[in-house]
Amino acid sequence: MATVQTIIDSARYDLGDFGGQKWDNTQLLNFLNRVVPILDDALISLDSDYTKTTASVTLSSGGNTATLPARCDHVVKVWYNSDLLLKESLDSIMYRYQINSSSSSTGLPQYWSHNNTNLYFNTDADSDYDFDVYYHVKTDTLALTDSMPYSDSFNEYLREAIISMAHKAKDNQIPNVDQKFYGMFKSIAERYVISRNAELRKYWKDF
């Protein structure tokens, strides 16, 4: 897999800056770290597998909130073993929790909502429970030695974004990265999502 440094070095060829006289690595890395979250948003909005992952989250006995993994954007599903917990609005979960806490009811939660960086459940746990959480994750801030995100699938588009932002910066223009790149990234992401999620028709032989 390509490293961040590899992509930045490649961008320098189009920038005519082989020796790093115009832009240093810190500046070009900053440009990359500004556009990657925009690509994250485009992929997440399409429910892409590039940003979807899973982790175990523990709800401790006596509590009704569990801390989500770092950089969790939003939760898709929550499972306890083979049981799928139901998602409801935060107001609804708070209402359920109030009713349960008023009656001192505890147990295995059946409902949840996403509340800031936590999972919020409808009741206090009567024991420690480990849940399998499926969620979309934002890319961590990249360093020069890191591998490029998304298994190299979007390297060329991110490279072009670095080049575009560098040219804008040279002309003393503040690049509006949100407007400029979100539409482009989403269009590109749609193609990837459609092709990766397409299912072949199933055929059965008539014996």
Handout entry: helices (runs of 4 or more DSSP H) contained in region 1-111 and holding at least 3 residues under 30 Å from Phe185 (Cβ atoms) and either at pLDDT 95 or above or in the same structural domain as Ser127 (by TED's automatic domain parsing) (or both)
Key = 4-15, 25-45
Practice task
All but one of (1) touching a strand residue (DSSP E or B) at 6+ places or on another chain (Cβ under 8 Å); (2) within 14 Å of His136 (Cα to Cα); (3) surrounded by fewer than 15 Cβ atoms within 10 Å (Cβ to Cβ) hold for Asp49, so report the exception by its number.
Solution key: (1)
Fill in the blank from the handout: The condition from (1) under 16 Å from His74 (Cβ atoms); (2) in contact (Cβ under 8 Å) with a residue 12 or more places away in the chain that Thr106 misses is numbered (1)
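The values are calculated or read from the model by the stated rules, or taken from the named source; none is laboratory data. Everything numeric here is computed off the predicted structure, so don't read it as measured data. For neighbour counting, all protein chains shown are included, and Cβ atoms are generated from backbone atoms with ideal geometry for every residue, glycine included.
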